[in-house]
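Visitor: One structure is given below, represented as structure tokens, and several questions about it will come after.
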Amino acid sequence: MLDLTGLPESRNAVGDFCRAWADLAPVAGLSFLLPAFSSARTEAAIDLAIQYGAASVVLSGARSGAEVQRLDMALRVAEIRAGLAPGKTRIVALANASGILAASSFERCSNRLAALGWEGSYDPSSDTARVAAGTIALTAAATGIAAVDVVSPAGDAAAFLSDCERARANGFSGKLCRSSDQIPIVNRIFSV
């Protein structure tokens, strides 16, 4: 996933990476992390993601299903401008605290919504984190989409493995991670 939350500083680096990626002719498409709508940089990031052939976009700081609908429409406009058939780019929404409280609003908000996750800096053993995780897992299940667990705090491989196992047991289909050395653990736990 390419992080576009730092635009415009990263615009050239994103272009360089995307060109190098295309030269590799990979099977998997690229995913782009978009800044929250509250940042006022989302539209520029959407245009860049579509320009470089995004297979999916991840909306950080999603406050409700209405923001996913807004993203759906912005993607549609960007796809049409780029000469693409609208509707191809999938959406993953990462709910913030407001989004977690409005979790039911994500149900049927967009046909593009492929997964629902959550973000926050809660202590993983806190009641708040357990309620947030449970709310997102249940909402995703009710909506018929994948549930994605939050990034774990920095720690060793054993702690990350434990977090992944807990997330899978609680109905999550995947987990966000901070570094490439965590990817094999995520793949092993969630591909079973």
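The values are calculated or read from the model by the stated rules, or taken from the named source; none is laboratory data. The shown structure was predicted, so the numbers you read here are calculated from the model rather than taken from an experiment. Because the Cβ atoms are built from the backbone with ideal geometry, glycine has one as well, and the counts that use them run over all protein chains shown. Just so you know, the surface numbers come from the protein's heavy atoms only, side chains and all, with ligands and any DNA or RNA stripped out. Shrake-Rupley method; radii C 1.70, N 1.55, O 1.52, S 1.80 Å.
To keep it simple, each residue is scored yes or no on (1) in contact with a Gly (Cβ under 7 Å, 6 or more places away or on another chain); (2) of a type in the set (F, W, Y); (3) touching a residue at least 24 places away in the same chain (Cβ under 8 Å).
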{"position": "A103", "(1), (2), (3)": "no, no, yes"}
{"position": "N111", "(1), (2), (3)": "no, no, yes"}
{"position": "L138", "(1), (2), (3)": "no, no, yes"}
{"position": "A146", "(1), (2), (3)": "yes, no, yes"}
{"position": "V150", "(1), (2), (3)": "yes, no, yes"}
{"position": "E165", "(1), (2), (3)": "no, no, yes"}
{"position": "G174", "(1), (2), (3)": "no, no, yes"}
{"position": "V186", "(1), (2), (3)": "yes, no, no"}
{"position": "S191", "(1), (2), (3)": "no, no, no"}
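Visitor: Would you pick out the residues in segment 62-94 that are within 30 Å of A133 (Cα to Cα), at pLDDT below 95 and of a type outside the set (D, E, K, R)?
Guide: Once the filter is applied, which keeps residues that are within 30 Å of A133 (Cα to Cα), at pLDDT below 95 and of a type outside the set (D, E, K, R), segment 62-94 yields only G87.
Visitor: Does segment 120-141 include one or more residues that are among the aromatic types (F, W, Y) and at pLDDT 95 or above?
Guide: Within segment 120-141, not a single residue is among the aromatic types (F, W, Y) and at pLDDT 95 or above.
Visitor: Return yes when D16 is at pLDDT 90 or above, surrounded by fewer than 19 Cβ atoms within 10 Å (Cβ to Cβ) and out of contact with any Lys or Arg (no Cβ under 7 Å at 6 or more places or on another chain) and no when it is not.
Guide: Considered against the rule, which asks whether it is at pLDDT 90 or above, surrounded by fewer than 19 Cβ atoms within 10 Å (Cβ to Cβ) and out of contact with any Lys or Arg (no Cβ under 7 Å at 6 or more places or on another chain), D16 comes out as no.
Visitor: Moving on to the next point. Report whether or not S152 is assigned to a loop (DSSP other than H, G, I, E, B), at pLDDT below 90, farther than 22 Å from A45 by Cα and open to solvent by 70 Å² or more (accessible area, probe 1.4 Å).
Guide: So S152 fails the test.
Visitor: Now for a separate question. Residues of segment 41-90 being open to solvent by 30 Å² or more (accessible area, probe 1.4 Å) and in a strand (DSSP E or B), which ones?
Guide: Within segment 41-90, R90 is the sole residue that qualifies.
Visitor: Moving on. Being of a type in the set (G, A, S), out of contact with any Lys or Arg (no Cβ under 6 Å at 6 or more places or on another chain) and closer than 24 Å to S38 by Cα narrows it down to one residue among A102, A141, A158; which is it?
Guide: Answer to the selection: A102.
Visitor: Sticking with this structure for a sec: Identify, from the list C177, C164, the residue that is of a type in the set (A, V, I, L, M, F, W, C), in contact with a strand residue (DSSP E or B) (Cβ under 6 Å, 6 or more places away or on another chain) and farther than 17 Å from A62 by Cβ.
Guide: C164
Visitor: Let me spell it out: the conditions are (1) outside any helix (DSSP H, G or I); (2) open to solvent by 30 Å² or more (accessible area, probe 1.4 Å), and A147 meets all of them except one. Which number is the exception?
Guide: All conditions are met except number (2).
Visitor: Give A167, A159 a once-over and let me know the one that is hydrophobic (A, V, I, L, M, F, W, C), within 13 Å of P124 (Cβ to Cβ) and within 17 Å of the chain's Cα centre (by Cα).
Guide: A167
Visitor: If you don't mind, there's one more thing I want to ask. Out of all the residues in segment 91-130, which are of a type in the set (K, R) and either under 16 Å from A55 (Cβ atoms) or open to solvent by less than 60 Å² (accessible area, probe 1.4 Å) (or both)?
Guide: Within segment 91-130, just R112 meets the criteria.
Visitor: Give me a count of the residues in segment 155-174 that are part of a loop (DSSP other than H, G, I, E, B) and within 27 Å of G65 (Cβ to Cβ).
Guide: Number satisfying all stated conditions: 4.
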